[in-house]
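To start, the structure under review is shown below, and the notes come after it.
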Amino acid sequence: MRHAKSDWSRDGLSDHDRPLNDRGRRDAPEIAQWIDENGLRPDLILCSSAVRTRQTAELMLEQWGEQTPIFVSKRLYLATPQQIFNVVREDSILPDEDSLKIPRTVLLLAHNPGISEAVGWLTRQMIAMPTAALAVMNRDLADWTIPIEPDQMKCLAIIKPKELS
């Protein structure tokens, strides 16, 4: 998923520190509602360290009324597709010593152009990922450390906030 719409009105803020604007604060819960209605609540959220991605995740969690674990990674900030796939494969999504549960559904929140390029590579199509867009991908592998390849993935849906209004 790409983060929701950010606010460009504050001078002096770094790109990393930009918060969501009003539309972003509206779109994130709408996408979360769609996720919930379709039985796709994640077991884990992998999130860029940027303010706008963390705010997107927090608004989604408020919509669900539960605490899904969030792993915040600086490596997802403006990441390339390969960097995104590397974060998905790293040890952060594997169960720790206190838990035997491997996440079945992971929500990855990051930025363009990396998200659009990653979705395009996986689907072998040009896919526009505007802010708060969600690509629902499925792969039938229980081991997250296996490299991600297009032939392993099935695109179930591409959801954009304008389609839900």
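The values are calculated or read from the model by the stated rules, or taken from the named source; none is laboratory data. Note that the structure is a prediction, hence the values are computed from the model and not measured. For neighbour counting, all protein chains shown are included, and Cβ atoms are generated from backbone atoms with ideal geometry for every residue, glycine included. Side chains are part of the model used for accessible areas, which takes the heavy atoms of the whole protein and leaves out ligands, DNA and RNA. Shrake-Rupley method; radii C 1.70, N 1.55, O 1.52, S 1.80 Å.
Some notes on this structure:
- Among the residues making up segment 109-137, those that are under 22 Å from I70 (Cβ atoms) and of a type outside the set (G, A, S) are L109, H111, N112, I115, V119, M129, T131, L134, V136, M137.
- Flag for D15 being surrounded by fewer than 21 Cβ atoms within 10 Å (Cβ to Cβ), among the acidic types (D, E), touching a Ser or Thr at 6+ places or on another chain (Cβ under 7 Å) and touching a residue at least 24 places away in the same chain (Cβ under 8 Å): no
- Tally of residues being under 23 Å from L61 (Cβ atoms) and at pLDDT 80 or above across segment 91-113: 9
- All positions within segment 147-156 that are open to solvent by 20 Å² or more (accessible area, probe 1.4 Å) and not in a loop (DSSP other than H, G, I, E, B): D151, Q152, K154, C155, L156
- Count of segment 1-31 residues which are within 15 Å of the chain's Cα centre (by Cα), assigned to a strand (DSSP E or B) and farther than 25 Å from F85 by Cβ: 0
- Verdict on V88 being modelled with pLDDT of 90 or more, within 29 Å of D15 (Cβ to Cβ) and under 13 Å from the mean Cα position of the chain (by Cα): no
- Taking each residue of segment 62-86 that is surrounded by 17 or more Cβ atoms within 10 Å (Cβ to Cβ) and looking for partners that are of a type in the set (D, E) with beta-carbon atoms closer than 6 Å, six or more apart or interchain, yields P81/E117.
- Segment 35-53, residues that are more than 17 Å from S73 (Cα to Cα) and out of contact with any Pro (no Cβ under 9 Å at 6 or more places or on another chain): D36, E37, N38, G39, L40, R41
- Residue match in segment 96-106 (condition: in a helix (DSSP H, G or I) and surrounded by fewer than 19 Cβ atoms within 10 Å (Cβ to Cβ)): no
- Taking segment 29-52 as the range and being touching a strand residue (DSSP E or B) at 6+ places or on another chain (Cβ under 8 Å), of a type in the set (G, A, S) and surrounded by fewer than 23 Cβ atoms within 10 Å (Cβ to Cβ) as the test, only S49 passes.
- Identity of the residue in segment 114-146, among the polar types (S, T, N, Q) and without any contact (Cβ under 8 Å) to a residue 40 or more places away in the chain, that ends up least open to solvent (accessible area, probe 1.4 Å): T123
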